[in-house]
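Worksheet: one structure, shown below.
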Amino acid sequence: MDFFAVNGKRPIRLCEETRKFAFDSLNHKYGLETWSTPAVSMDDYKGFQNLSPLQKYDAVIERISKTAPIRICDGEKISGSATLGMAISHNIPADFGGKPVFSSSISHLTIDFETVIKKGVNHIQKQAEDALKKYKGTEKEPFIQSCIHCLQCMKMWHERYLEQLKNKPEYRANYENLKNVPFEPAKNFYEAVQSIWFTFAFVRLCGNWPGIGRIDWLLGDYLEKDLADGMLTLDEAREILAHFFIKGCEWVKGGNYGSGDAQHYQNILLAGVDENGKEVTNTVTYLVLDILEELGISDFPTTVRINKNTDKKLLKRIAEVIRYGGGVVAVYNEDLIIDSLTDYGYELKEARKFANDGCWEIQIPGKTFFTYIPFDSLQILQQRTFDNYGTKVCFADFESLYDAFVNDLRSEVEEIIATRNASRFIYTAVPTKEWKWAPDMPCTVVSLFEQGCIEKGHSYLEGGPVYNVASPHIGGLPDVVNSLYAIKKLVFDERKVSFAEMMRLLKNNWEDNETLRQYALNKYSYFGNDNDEVDIIAKNIISDFSDICDNLESGYKTPAGISTFGRQLDWSELRMATPYGKKAHNVLAGNFSPTPGTDKEGATAIIKSYCKADLKRTVSGAALDIKLLPSSVNGENGVEAISSLIKGFVTLGGHFMQLDIADTGLLKKAQKHPEEYQNLSVRVSGWNARFVTLNREWQNMIIAQTGSDL
Amino acid sequence: MIISDIQRFCMHDGPGVRTTVFFKGCPLRCKWCHNPETQSYQKELLFYKEKCIGCGICKACDKETCIVCGACAKNCPTGAREVAGRECTARELYDQIQKDVAFYGKKGGVTFSGGECMTQIEPLAEVLKMCKEKGIHTVVDTAGYVPFGNFEKVMPYTDLFLYDIKLFNPEKHQKYTGVSNKLILENLKKLFSVGVKIWVRIPIIPSVNDNIDEMRKIKEFLDECGTPEKIELLPYHPMGESKSQALGKTPHLFEIPDSEKMKSLKEIFE
C-alpha cells in the first residue's frame, strides 16, 4: 500500500484502516461506484416540461435529496456522499427524456463555511424566512421560496443518513456526531469537520464544485479547545481530518479525460493572517500537511499563504511536503495580495480573509460571484497588430509597435466586455451590466451559502453575492513579450532583417530561413532568464493591461489576471509562427511562466523575471509554475532549496507559485506504463492531476514543461 | 580574471542555494575531469557537432590557424560553436553574484570553483572581499595545489573551503592528475591548524580510488590532521564527455559507481 512519491518514502502516521480507506479511494473504488449511477430521472414527474426553470430546479433538488444513493464507506468517521456521477462532469445530476435537465452547474467559488459551522444551517433558514416576509408578493419571492425548499431538501437528505447510521452499531459515533450538524452550530472539532463535510457533500451532490477555503482558520479554535480539554488527542484529530481528505477523493475514477481526474476545484488554503492581522497558523495547519505528506492526495489543491513573518518551521514543513512531488502544495505571497486587494478598493478586514476559487484566482470567500474571461494575447498580436503577418503592416520603431499592440489589446478587451462576444479569443459567458446572465440556470443551493443572495433576493448568478467579479485573464503573455523582444533585437537594434521581410518569413512559418530562425531561438535571452531588457516589456504590458481592466465600464468588478490554465494547448491550433523562432501551432507558455525551452538560467532567474512586474495590479492573480528536477532537491539541502525559493519569491513580490518536482524520464515511463503509476500526481496549472488520467496531448505538454534542466 | 561560466541555483556546491562561478585554468589534469573547458587559462573554441545545421554562416577557419577570435561563435545560430572563457573584473562578477541575493538566505551564497580558482588569487580575493562586505556567504572550492600563501590571502573572506582529495597514494595521484599530492596534503594540514571551516570532498572514480584501502588511508590522514565539518563522496559522472569532444580532445571514460559501492565507501567515514 504505497502512496507514490517522486523523492524518498512517505512517512506513516495514520492507522492501517485509514490508509486502506485512502488507498481504495485513490484507486477508484468510490469514483467508479458514483459514475455508475449518473443521475436521477425526472421522466415520471407529471408536467415537468411545463415547469419554469426554477420549478424544475426545485423538483430536481428534491428528487436528488430523496433518492440519491446513500453511501457509508467501511470505517468512515464522517458521513455524507455525493453519489451521482453527472456531478463529476460539472452538471446537475438529473435527466429528463434521456437528456440532462440543465446544461451546467456552478464552480469557481468558495462558499461560506464559517456561517455553517459557527451559526448552523438553521441560521440560514431563519434568514430565508425573514427574507420571505420582506419579499412576499414581489418578483423575488420565488427565489426565496426556492431557498427554503432547498434547505428542506438538505434536511431530508440529512434524515436519510441519520436513519442509516442509527441502525449500524459500528457507526454510533458517526450518528451522534451528525445529529447536531450542520443545522446547529458545531460544538467541537469532530462536529465542525462533519459540518463542513456534510454541507460540501450536499452542494456537490447537487452538481456544484465549491472550494473549501481556509480550513485551519475554520477549524483551529475547535481543535485547540478539544486538545486543551483532553477531549481528543492529536492522533485522533489527524485521523478525523484524514477522513475528510479521503472522502474528498470519492470522485476519483481513473481513465483519460483531457485535463485529468483530480480537477474539481475543491481548493484549500492554509496559514496567513486573520481579519485582525493575527497569524492563523495552528495545529490544524500542520495536521493537513501531515496528511498530504503521508497520502499524497492531490485532489484538494492546497495553497499556503506566506508572509514576511511566516514561521521557519512552517516553511520547512511545506518544503518537506513539496519534495515528495505531486505538486500538492503551492504558495501565495499574502503581503502582496492583501495590498493588492486594498489598493483595488476592498476593506482591509475583507482583504485579509481572501481565499481562492477553482484554481488560484483570488476572491473573498462566501460572498463573491466569480468568473474569469480568458483570452489569447498572442493571437491579438498576430492577428490584429501584425494583421496576420500582412504586407501592409510596418512599424518604424519598437515604441510604435508596442503602442499599437496595447491599443489592440485595449480594443479587444473593451469589445469583449461591451458586446459579451464569445469571439475567437474567449469561450466563456460574460455578464451584462444588469446581471442578466444565465436566467435559465437556477442555482439556489449555491446561493444559500453565498452572503448577499438571500438578503438581496437574488441568486448567485443574478448579482446576489456581496461582490461580483468577472476578471479578464490575459493568456500568452510571455509569448507576446518574447515576440516583441525578438523583433526589437532582430529588426530594430541589430537590423538583421527588415520588418517587411520578418513578416514574410513568419507568414511562411519560417520555412525559408532556418538559419535566422535558429538565431532568433538561441541567441537571445527571453522572459524567464532575469534579463531586464526583456522583463521590462512584461512589466509594461501588465501595467497597461491592468489600467485597461480598471477602466472598463461594466457594472461589476473586472480585476486583471494572468492565466492560460492549459489553454495554450487549444490556442496552439490558431497561432502562427512567432518572431522568437517557434513555428506555428507549437504549444507555448503556460500562465505567467516562461515558454518551454527558453528558460536557461534556472529557477531563481525565472522567479526574478516574474517578480519584476507590479503583480499587485493583477488582483485576480498571476500564476508561476516551476518544475524542479528531483536531483536538485534531494538530500538535506533540498528542503533548504525549496524554502529559499519560496522566501525569495515573497521578498521579491511574487503572487502565486506552484513548485513541482518531476523529471521527464519518470513521466515518460508513466506514459508507457500507466498501470504502474496510477497515483503519480503532477501540478498541471492551478490544479493537480494524476498524470495517467491526462490525455496524451496534456501529458506531452507537461513533459515539455519539465524538459528544461533546472 | 578569466572565467568559463556562472551557474545559478546550484544545490550541490556547499550549503543552501548558491551561485557557482567557474574560474578557467587549472594546474591539475585529472583524467576524469568533468569540466575540461576549465583546464586551460586561455579562451578555447568548443564545437558541438550535433548542433551544427551546416548553414555555413560561421565561415569556420582552420583549426590550426584559429586564434579564438570568437567571430564564428558569435554568428553561429544554433550554439554549435561556443567560446569557453571570458575576461571579467571582480566588480562585474559581483554584479552577477548579487542577482540571487534574495534566495541565499543565511546559509546560501556564492561558490568559487573551476578550474582552480585559487590560481587567480588576486582577483579571487578581491571579489571574495566584496561579497563578504555585503554579507554574502562565501565558499572556495579548491584542489589545494597552490602555495599556502594563497590560502592566507583569501581566508579572511572565506566562510567555507570545499577541499578535494582525489587520491592518497602519491604515485597514483601523479599518474591520474598529473601532479604530486604532497603540497595538497600539506596545505590541508595547515588549513586545519588555522581552524577554518572545511568540507572534504572525494570524487569516487572506479578503478582509480574506489577501494576501501584508499579511503581508509584518506580517513587516517584526516583523523591525524583535523576534523572537517563534513566529508562528501562524489560519484564520478561522465558529464565532461561531450565538452571534451567539443574541445577536440579524446575523453577518458570510467564506469559510474553504483549506489551500493558508494554506500560501502561512505561507511568508512562514518
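Summary table below
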| quantity | calculated |
| --- | --- |
| Selection from the range A:619-641 of residues that are open to solvent by less than 10 Å² (accessible area, probe 1.4 Å) and among the hydroxyl-bearing types (S, T, Y) | A:S620 |
| Residue ID - nearest to B:V21 (Cα to Cα), chosen from residues in the range B:96-155 that are among the aromatic types (F, W, Y) and crowded, with 21+ Cβ neighbours inside 10 Å | B:F112 |
| Filter pass, B:F151 being closer than 16 Å to B:V196 by Cβ and away from chain A (no Cβ under 14 Å) | yes |
| Which listed residue is open to solvent by 30 Å² or more (accessible area, probe 1.4 Å), closer than 18 Å to A:F198 by Cα and not aromatic (F, W, Y), from A:T37, A:T67 | A:T67 |
| Within the range B:244-268, considering residues that are assigned to a loop (DSSP other than H, G, I, E, B) and of a type outside the set (A, V, I, L, M, F, W, C), the one surrounded by the fewest Cβ atoms within 10 Å (Cβ to Cβ) | B:T250 |
| Matching helices (runs of 4 or more DSSP H) fully within the range A:118-222 where at least 1 residues are of a type in the set (K, R) and under 30 Å from A:T285 (Cα atoms) | A:172-180, A:189-205 |
| Options A:L461, A:L448; residue that is more than 30 Å from A:E573 (Cβ to Cβ) and at pLDDT below 90 | A:L461 |
| Boolean, A:L26 is open to solvent by less than 20 Å² (accessible area, probe 1.4 Å), touching a helix residue (DSSP H, G or I) at 6+ places or on another chain (Cβ under 6 Å), in the same structural domain as A:E675 (by TED's automatic domain parsing) and closer than 30 Å to A:E176 by Cα | no |
| Options A:I548, A:I537; residue that is touching a strand residue (DSSP E or B) at 6+ places or on another chain (Cβ under 9 Å), away from every other protein chain (no Cβ under 13 Å) and not small (G, A, S) | A:I548 |
| Residue in the range A:252-259 that is open to solvent by less than 10 Å² (accessible area, probe 1.4 Å) and in the same structural domain as A:E279 (by TED's automatic domain parsing) present | yes |
| Count - residues of the range A:202-237 that are more than 20 Å from A:A87 (Cβ to Cβ), more than 19 Å from the chain's Cα centre (by Cα) and open to solvent by less than 20 Å² (accessible area, probe 1.4 Å) | 6 |
| Filtered residue count, the range B:75-114, keeping only those that are at pLDDT 95 or above, under 30 Å from B:C58 (Cα atoms) and away from chain A (no Cβ under 12 Å) | 9 |
| Residue match in the range B:1-15 (condition: farther than 20 Å from B:I184 by Cα, more than 14 Å from chain A (Cβ to nearest Cβ) and among the small types (G, A, S)) | yes |
| Odd one out for A:D530 among (1) more than 14 Å from every other protein chain (Cβ to nearest Cβ); (2) crowded, with 21+ Cβ neighbours inside 10 Å; (3) closer than 30 Å to A:G621 by Cβ | (1) |
| Residue in the range A:505-519 that is in contact (Cβ under 8 Å) with a residue 12 or more places away in the chain, over 27 Å from A:C394 (Cβ atoms), away from every other protein chain (no Cβ under 14 Å) and of a type in the set (A, V, I, L, M, F, W, C) present | no |
| Qualifying residues in the range B:16-44 (those that are more than 19 Å from B:G248 (Cβ to Cβ), open to solvent by less than 20 Å² (accessible area, probe 1.4 Å) and not in a loop (DSSP other than H, G, I, E, B)) - the one farthest from the other protein chains (Cβ to nearest Cβ) | B:F23 |
| Residues of the range B:45-74 classified as assigned to a strand (DSSP E or B) and either at the interface with chain A (Cβ under 10 Å from one of its Cβ atoms) or open to solvent by less than 50 Å² (accessible area, probe 1.4 Å) (or both), total | 2 |
| Residues being out of contact with any helix residue (DSSP H, G or I) (no Cβ under 8 Å at 6 or more places or on another chain) and not acidic (D, E) - total across the range A:558-580 | 5 |
| Whichever residue in the range A:1-16 is of a type in the set (D, E, K, R) and within 19 Å of A:A319 (Cβ to Cβ) and, among such residues, is modelled with the highest pLDDT | A:R13 |
| Selection count where residues are of a type in the set (A, V, I, L, M) and open to solvent by 20 Å² or more (accessible area, probe 1.4 Å), scope the range A:316-335 | 0 |
| Counted residues, the range A:287-315 - those being open to solvent by less than 40 Å² (accessible area, probe 1.4 Å) and assigned to a helix (DSSP H, G or I) | 11 |
| Candidate set: the range A:580-599, residues that are open to solvent by 10 Å² or more (accessible area, probe 1.4 Å) and hydrophobic (A, V, I, L, M, F, W, C); chosen: the one nearest to the other protein chains (Cβ to nearest Cβ) | A:A584 |
| Scan of the range A:600-653 for residues that are small (G, A, S) and either within 7 Å of chain B (Cβ to nearest Cβ) or part of a helix (DSSP H, G or I) (or both), ordered by number | A:G602, A:A603, A:A605, A:S609, A:S631, A:S632, A:G638, A:A641, A:S643, A:S644, A:G648 |
| Failed item in (1) open to solvent by less than 10 Å² (accessible area, probe 1.4 Å); (2) more than 19 Å from the chain's Cα centre (by Cα); (3) under 29 Å from A:I454 (Cα atoms), with A:W360 passing the rest | (2) |
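The values are calculated or read from the model by the stated rules, or taken from the named source; none is laboratory data. Note that this is a predicted model, so its numbers are computed, not measured. Glycine also receives a Cβ, built like all others from the backbone with ideal geometry; neighbour counts cover every protein chain displayed. Side chains are part of the model used for accessible areas, which takes the heavy atoms of the whole protein and leaves out ligands, DNA and RNA. Shrake-Rupley method; radii C 1.70, N 1.55, O 1.52, S 1.80 Å.
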